[in-house]
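So the structure is just underneath, and the comments pick up after that.
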Amino acid sequence: MDVRALARDEIELVWTIDRREVIDGIYRVQGGELVLEAAHFDMGGWPPGEAEKYTPLLRACYDRDGVFTGAFDGPTLAGVSVLDTVWRGPERNLLQLEFLHVGHPYRGQGLGRQLFAHAQAAARERGARGLYISATPSTHTVGFYHGLGCRLIAEPDPELFALEPEDIHLVCPL
């Protein structure tokens, strides 16, 4: 696996990552606590319109010196992490893990942890006190972040919460 900086002209490769996942539970935040609810979704891939909506946002992040790390298996983008440079959190001392995806065939091999560690190192280099994560509420995703030491943030970033109120908003201290 070749883990390296992603070039701006490689951003659209993100949409070639095999996002398949069966989700059997989702979390909601109620009274400041995570509550697990039964659910069943078969995510066959990226939702329609996802690439069109998020590619310009990823390019803008890249242009403001966001940190894009790609893991390549030959020509295949197996996973990616993106650290944004906009300060978040009530004390404006957190940087957002904007994006972290690992392709279905590559999950469970430590690649997500490796990409997360790259984002942590880049955030530390920029003086951040932690990572801000707006995570999809699936049991797998929330469990992954909890396993890395991430916890619910007491005060979600208002801008990010307004964009994704169903997400689970987490912080990972550095």
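Taken together, the values in this text are just the output of simple stated rules run on the coordinates, not laboratory data. Keep in mind it's a predicted model, so treat the numbers as computed, not measured. Neighbour counts are summed over all protein chains in view; Cβ atoms, including those assigned to glycine, are modelled from backbone coordinates with ideal geometry.
The table that follows gives values for the structure above.
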{"read-out": "Sole residue being part of a strand (DSSP E or B) and of a type in the set (A, V, I, L, M, F, W, C), chosen from LEU57, LEU83", "value": "LEU83"}
{"read-out": "Hits in segment 21-40 (condition: in contact with a Lys or Arg (Cβ under 9 Å, 6 or more places away or on another chain) and free of Cβ contacts under 8 Å to residues at least 40 places away in the same chain)", "value": "VAL35, GLU37"}
{"read-out": "Residues within segment 88-116 that are free of Cβ contacts under 8 Å to residues at least 24 places away in the same chain and within 20 Å of GLY127 (Cα to Cα), tallied", "value": "1"}
{"read-out": "Within segment 60-75, considering residues that are in a strand (DSSP E or B) and crowded, with 16+ Cβ neighbours inside 10 Å, the one farthest from the chain's Cα centre (by Cα)", "value": "PHE72"}
{"read-out": "First in segment 56-75 and closer than 11 Å to ALA5 by Cβ, second anywhere and of a type in the set (Gly, Ala, Ser) and surrounded by 13 or more Cβ atoms within 10 Å (Cβ to Cβ), Cβ under 6 Å, 6 or more apart", "value": "VAL67/ALA122; THR69/SER81"}
{"read-out": "Every residue from segment 84-104 that is buried (at least 23 other Cβ atoms within 10 Å of the Cβ), aliphatic (A, V, I, L, M) and more than 11 Å from ALA128 (Cα to Cα)", "value": "LEU97, VAL102"}
{"read-out": "Pair list, Cβ under 9 Å, 6 or more apart: segment 148-170 residue farther than 21 Å from GLN120 by Cα, other residue buried (at least 21 other Cβ atoms within 10 Å of the Cβ) and of a type in the set (Lys, Arg)", "value": "GLU159/ARG88"}
